[in-house]
Each structure stands twice: as C-alpha cells, then as structure tokens.
Amino acid sequence: MDRGWKGLVQFLLVAALGGTVATGTAWAQSRQQSARGFARRGDVRFLPAPLVGRLTEIADRPHSQLPLIAFSEADEPSRLIQYYLLDTSGFQPNVFTSVVPGINDNGAIRTAANAANGGLPTIGAVRVVLEPKPGLPTDPNDVRAFLDTFTDVSGLFVINNESGWYEGWLIHDVRVPPIDTPLPDGQARYGTMTPDDAAAIAALGTGNNVPGHIFTVDGNPVRFPTATDAFPAIQANTVPFPVSIGTFNALQQSDVHAYWEFNPGTNWVFPHYELPFTGGVPGTFPAMQYGFRSVIAGSGPLGVQNTTATHGDDPNNPRDPDRNEPVASGRTEHRNRFIPSGLTEEILQNVFVRVTSFEPAVTDVGERLLRSYALEVARVDQDGDGAVSFAEADVNGVSDGMPNTRLYLPVTAFNRFAITREINDGFLAPRFAPSQRAYVAAGVLTLVDPPARASIPQDADNR
C-alpha cells in the first residue's frame, strides 16, 4: 500500500471513530467519542449550525457508519448551497410511519419509519453541494452546474421484499408564471401565461395566484402537506412534481446513506402520464389503475406510442441513463421515458394555469394532462418518435427556436424534499402521488448564501 493510500485509510479510520483509533472500548463510549469528533470533521465543521446539529444527532445514534464524507471533486472545496432537514411530522401519517387502525394494527411488525432502535423518531438531512470544477458554472441557479447530494437518515429499516427500497425526491411546487402576449395561435409563450389566463386564475379563492407566487389549485394561500391531512378530502393545494435522486436501502443499524449527482443528465422527471392511474389525479383512481402501462418510451396515450423493437429494452443494449453526454458518434440514449424538469413544469402550467389559452373546452384534469404531455414533448422531440433523447435535450442545444436551458429547473427551485417507501408496482410514479401516502420522511429547503465550505480533500477518482 503506497503512502497516499495509507494516509487516506488512516483518515477514514480516525473520522469513523471520532478522532481516535479506539481499541477495546465499549460501544457507548466509542459512540460518544464518534459524535464529538464528527462535528470537527473537515466537511462538517463549517456547515450551518442547524445542519451540523442534525448530522451530529445522527452520528450520536446507533449506526453502521457516520454520515457520508463529502470529498472534493475539484481543486477547491465543494460549496454547500442548500440543505433539507427531514422528519415525519410534515405529512399525514401512513402505514409506513405509524399504526393505522384497520390496516396494520393486528400485530403486524412495524417497519420503515419511527420503529427502529427502540422507537427513535426517524430523522435525516440532505446536503446539496456545488463542485467548482474548471469550466463549469459556480452559480447554483445555472442549470449547467454540477452538484452532489448527500442523504443521511437515522431510523429506517432494511427492506427485504421490495424492488425499489427507499427513494429520495427533490420536489418543486409549480409557480405562477409572468404575463406576456400570446402567440399568433392564441397559446401562451413558453414560461408565461396570457392576460386572460392571469385574470381567470387570479379570480380563484382569495387571489393567491399572481405572478411569482406558488400556484394553488383553489386560489387560497399555500397549504403544504401537514400531519392533519386526510387523503383525499384534506390535502395540500399546490401542484408539485419530483426529481428522483435514486433508490437506496438501509444499513444494519437502520441508518441510510445515499449519494447522487444532480446535473442536466439526471434533472429529469418520470412520465407524468403515469399519474392518473397511480392515484395522483383526483377522480381517476382506481378506474385507470390498470388502463395503461408506460414501459415503452413515448409521449403517452394521446401521443406517439412506440414498439419494443425500437424503444424497448434490449438485453444486449439495455437502456442506460449514463449515456447522457453529447458525443460525436451521437450514441447517447434515445429511449428515455423521463423528460427534463423544466419541460415538466411547462406541461403542468398548461393543465392548471393556462385555463383559457390551452384547450379551454377540455375540463377533465386527466385528459388535459395527457394532451399537454403529448404537445410539449413534440416541441422538443425533433425526430418525431415521442421520446425526448439526451441529444434533443442537450443543455447547450436549441429546440422549438429557444435555448434548451429552459428545459431544466435549477436545484434551488426544489423547495421540498421527501423520501418514499417504494412499492413493487412496476411504475416510476410514487404510489398515490402527490398525496404523501408513501412518504417516510420529508423536509423543506434552506438556502445557504454565501455557500459554506463542505468537503475534505479529493478522493482518487474525480468525475
């Protein structure tokens, strides 16, 4: 083992044991030493106090490993730009967080949240750090920036019979866009609404829906999920959508540690035409639950529907989301079922905000969603196959006469975060989305300005 690797191994041992390589000490004493030393770790000590407190609390609990070490991915330290503190208090209790009479109150073993380690409440933290790599933006509001997310959760059981385990989600609530003159055909310009749209939604409720505000379906002040919700009658009044930060499982001591890279190659959303048959659109469940399966890339039931021969998985050439960087050969993945986050917001603007400029005669929410999905995908889909390829959505490219930067939301636009217990149903949409029925933890955004130093020296493979 060379000297550099010896140093790294020694550092990791010291970090894991809180500053000392302990031998023969009891677990409780080692744990206390671990937590005290952890707060002084190089990637933690400069973070905001609330975040340090939460991470230290996680480190002080029974664990298989300490919260993730954030290694630098550039010559300069990574910069913490935002974080989320997670718990189970911000949404309606469900079968994964509590005992629900008539469902799991008959002696069933409690798993998932608030049941591990003698019933300790489930808590977590998500760090979002920017990599100041040469040639890449250092402004977190620039969608070209490369970011790392570090998720650490205490109190989630290992799942032994599900395909998806747990999954993390960055959540954006649709905002009311600015007002602009319509296009010649009467439709709204990208990212805007017409004066007639503005008048119609501003007349709802108490007048919340004005440009810049988070849109609410009833026009009343924003109501985010709460513990007093009762699906489906009482729930949040915003229009949210999530970007996945991947699936993960728990470690032996019921702690979770997950890493994800957020960039234009991952800032994509599952096909929203799945929502009507997973309970996410009022009035469509369960009638549509088995009506359509979106396993083949395309633009939905009212758009282009492809065949397995051209857009299905091939054992010799499986779909690969890592083939997202533009290359001279053009061999980026083209069979994407997902679409970029900014395009998703545009689709939902049509459905809920542009009530006069988009399909005013169609009032059914589910049908409006399917029509909007097919239309907006077609504006970006240059080869007419109904799927948005990585080449077509290249962040440095152009589509529909506009720069493709519009297709992506910056990470700072994701004002909430949630972790769901994944269900083996074959769909990517969180079951019963967006009603929080599969949530196991959630939290809200805290921006960090100026950014805080958030990493230790580089590891062996910067990417």
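The values are calculated or read from the model by the stated rules, or taken from the named source; none is laboratory data. For clarity, every value in this text was computed on a predicted model and none was experimentally measured. Here the Cβ is made from the backbone with ideal geometry for all residues, glycine too, and neighbour counts use every protein chain on show. With ligands, DNA and RNA removed, areas are computed over all heavy atoms of the protein, side chains included. Shrake-Rupley method; radii C 1.70, N 1.55, O 1.52, S 1.80 Å.
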Residues located in region 140-192, provided they are farther than 30 Å from G219 by Cα and not in a loop (DSSP other than H, G, I, E, B): L147, D148, T149, F150, T151, D152, V153, S154, L156, Y166, E167
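This table checks each residue for (1) open to solvent by 10 Å² or more (accessible area, probe 1.4 Å); (2) without any contact (Cβ under 8 Å) to a residue 24 or more places away in the chain; (3) not polar (S, T, N, Q).
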{"residue": "N141", "(1), (2), (3)": "yes, no, no"}
{"residue": "A145", "(1), (2), (3)": "no, no, yes"}
{"residue": "E167", "(1), (2), (3)": "yes, no, yes"}
{"residue": "P177", "(1), (2), (3)": "no, no, yes"}
{"residue": "L183", "(1), (2), (3)": "yes, yes, yes"}
Which of the residues that make up region 51-79 are part of a loop (DSSP other than H, G, I, E, B) and under 17 Å from D461 (Cα atoms)? L68, I69, A70, S72, E73, A74, D75, E76, P77, S78
Of (1) closer than 30 Å to N396 by Cα; (2) in contact (Cβ under 8 Å) with a residue 60 or more places away in the chain, R41 satisfies all except one. Which? (1)
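Within region 293-315, restricting attention to residues that are surrounded by 15 or more Cβ atoms within 10 Å (Cβ to Cβ) and under 24 Å from the mean Cα position of the chain (by Cα), which residue is modelled with the lowest pLDDT?
Here is the first cut: in region 293-315, the residues surrounded by 15 or more Cβ atoms within 10 Å (Cβ to Cβ) are 294, 296-306, 311.
Adding the requirement that they be under 24 Å from the mean Cα position of the chain (by Cα) leaves 294, 296-300.
Working: S294: 67, I296: 83, A297: 86, G298: 86, S299: 84, G300: 83.
Once the filter is applied, the top-ranked residue is S294.
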Restrict the check to region 58-81 and report whether at least one residue is in contact (Cβ under 8 Å) with a residue 12 or more places away in the chain and under 21 Å from I171 (Cβ atoms). yes
Among (1) more than 19 Å from A441 (Cβ to Cβ); (2) outside any loop (DSSP other than H, G, I, E, B); (3) open to solvent by less than 10 Å² (accessible area, probe 1.4 Å), Q82 falls short only on (1)
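For region 115-137, which positions are touching a residue at least 60 places away in the same chain (Cβ under 8 Å) and either assigned to a strand (DSSP E or B) or surrounded by 15 or more Cβ atoms within 10 Å (Cβ to Cβ) (or both)? So that I can check it myself, show each step before the final result.
In the first step, residues of region 115-137 are kept if they are touching a residue at least 60 places away in the same chain (Cβ under 8 Å); the result is 116-117, 122-130, 133-134.
Scanning region 115-137 gives A116, N117, T122, I123, G124, A125, V126, R127, V128, V129, L130, K133.
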Residue in region 364-373 that is at pLDDT 90 or above, out of contact with any His (no Cβ under 8 Å at 6 or more places or on another chain) and open to solvent by less than 20 Å² (accessible area, probe 1.4 Å) present: yes
Identify all residues within region 368-388 that are closer than 19 Å to P301 by Cα and in a loop (DSSP other than H, G, I, E, B); write none if there are none. D381, D383, G384, D385, G386, A387, V388
When region 200-226 is checked residue by residue, the ones that are open to solvent by 50 Å² or more (accessible area, probe 1.4 Å), farther than 12 Å from R175 by Cα and in contact (Cβ under 8 Å) with a residue 24 or more places away in the chain are F224
Quick check, is L51 within 20 Å of L445 (Cβ to Cβ), over 19 Å from the mean Cα position of the chain (by Cα), open to solvent by less than 20 Å² (accessible area, probe 1.4 Å) and not basic (K, R)? yes
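Per-residue answers, yes or no, for (1) under 18 Å from D322 (Cα atoms); (2) in contact with a strand residue (DSSP E or B) (Cβ under 6 Å, 6 or more places away or on another chain); (3) part of a loop (DSSP other than H, G, I, E, B):
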{"site": "A227", "(1), (2), (3)": "no, no, yes"}
{"site": "A236", "(1), (2), (3)": "no, no, yes"}
{"site": "P242", "(1), (2), (3)": "no, yes, no"}
{"site": "G246", "(1), (2), (3)": "yes, yes, no"}
{"site": "A250", "(1), (2), (3)": "no, yes, yes"}
{"site": "Q253", "(1), (2), (3)": "no, no, yes"}
{"site": "V256", "(1), (2), (3)": "no, yes, no"}
{"site": "T266", "(1), (2), (3)": "yes, no, yes"}
{"site": "E274", "(1), (2), (3)": "no, no, no"}
Can you say whether R223 is charged (D, E, K, R), outside any strand (DSSP E or B) and within 23 Å of the chain's Cα centre (by Cα), as far as the supplied structure shows? yes
Among the hydrophobic types (A, V, I, L, M, F, W, C), open to solvent by less than 20 Å² (accessible area, probe 1.4 Å) and at pLDDT 95 or above: which single residue out of V380, V355 fits that description? V380
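Out of region 394-432, which residues are in a loop (DSSP other than H, G, I, E, B) and at pLDDT 90 or above? Before the answer, list the steps.
Within region 394-432, the first condition is being in a loop (DSSP other than H, G, I, E, B), and the residues that meet it are 394-397, 400-401, 408-410, 414-415, 422-432.
Of everything in region 394-432, those that are in a loop (DSSP other than H, G, I, E, B) and at pLDDT 90 or above turn out to be D394, V395, N396, G397, D400, G401, Y408, L409, P410, F414, N415.
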